[in-house]
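The values are calculated or read from the model by the stated rules, or taken from the named source; none is laboratory data. In this text the structure is predicted, and so the values were computed from the model without any measurement. Heads up, the Cβs are rebuilt from the backbone with ideal geometry, glycines too, and the neighbour counts pull from every protein chain shown. These area figures cover heavy atoms from the full protein model, side chains too; ligands, DNA and RNA do not enter into them. Shrake-Rupley method; radii C 1.70, N 1.55, O 1.52, S 1.80 Å.
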Amino acid sequence: GEGFVLDLAPGDDGSLVVVATYYTYDGMGNQAWLIGSATAVGDSVTVPVQVTDGGIFGSAFDPLIVNKVDWGTLEFTFSNCWQGHVMAAPNQAMQDSGMGFEPVEFDITRVTPPSGCP
C-alpha cells in the first residue's frame, strides 16, 4: 500500500510544525518516499517535499552521495483529528521526468488514536 506519517511538534514561536512523509510509488512501481516539513496555518499545511536516491544501506551509507530532489508539495486540510484531505502536486520537472508522477488528491483517515488534538 501507500500512506502518510505525520509528526507534529511545537515551533519555537508557539506554531505547529508538521513533518510529513508520503510512502508511495512512481508510475513504474518503484518506491518513492517523499518527505518535508512546514508550519501549519489553522487546519491546513502545505509541505514542500523532496524525494531522494543514491543512498546505500548499512555501514556503506554515506550522506554525501544521497541526492535530494524537489518533488512538489503535499497540501493537507483537516476537518477533525481523524479525517482530512490531501492534494499531492508534483512540480513540473517531476511531471516531465517520465517517472509517471501526476497530481492526485484523496481523503485520508487516521489509523492511530490521537494523544491530543492540536
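Assorted remarks:
- Flag if Ala60 is over 22 Å from Gln95 (Cα atoms) and buried (at least 18 other Cβ atoms within 10 Å of the Cβ): no
- In this structure, Thr52 does not satisfy being at pLDDT 95 or above and either among the hydroxyl-bearing types (Ser, Thr, Tyr) or closer than 25 Å to Leu8 by Cα (or both).
- Residue check for Ala38: open to solvent by less than 50 Å² (accessible area, probe 1.4 Å) and within 17 Å of Gly3 (Cα to Cα): no
- Subset of segment 8-35 (residues that are open to solvent by 70 Å² or more (accessible area, probe 1.4 Å) and under 15 Å from Thr77 (Cα atoms)): Leu8
- For segment 1-50, a tally of residues being touching a Gly at 6+ places or on another chain (Cβ under 7 Å), aliphatic (A, V, I, L, M) and outside any strand (DSSP E or B) returns 1.
- The listed residue being under 15 Å from the mean Cα position of the chain (by Cα), free of Cβ contacts under 8 Å to residues at least 60 places away in the same chain and over 18 Å from Tyr23 (Cα atoms), out of Thr77, Thr52: Thr77
- Inter-residue pairs, beta-carbon under 6 Å, first without any contact (Cβ under 8 Å) to a residue 40 or more places away in the chain and in segment 58-73, second surrounded by fewer than 13 Cβ atoms within 10 Å (Cβ to Cβ) and of a type in the set (Gly, Ala, Ser), 6+ apart: Ile65/Gly54; Val66/Gly54; Val66/Gly55; Asn67/Gly54
- Matching residues in segment 72-115 - criterion: being under 18 Å from Gln31 (Cα atoms) and part of a strand (DSSP E or B): Gly72, Thr73, Leu74, Ala88, Ala89, Pro90, Val104
- Of all the numbered requirements in (1) surrounded by 12 or more Cβ atoms within 10 Å (Cβ to Cβ); (2) at positive phi, Thr77 misses one, and that requirement is (2).
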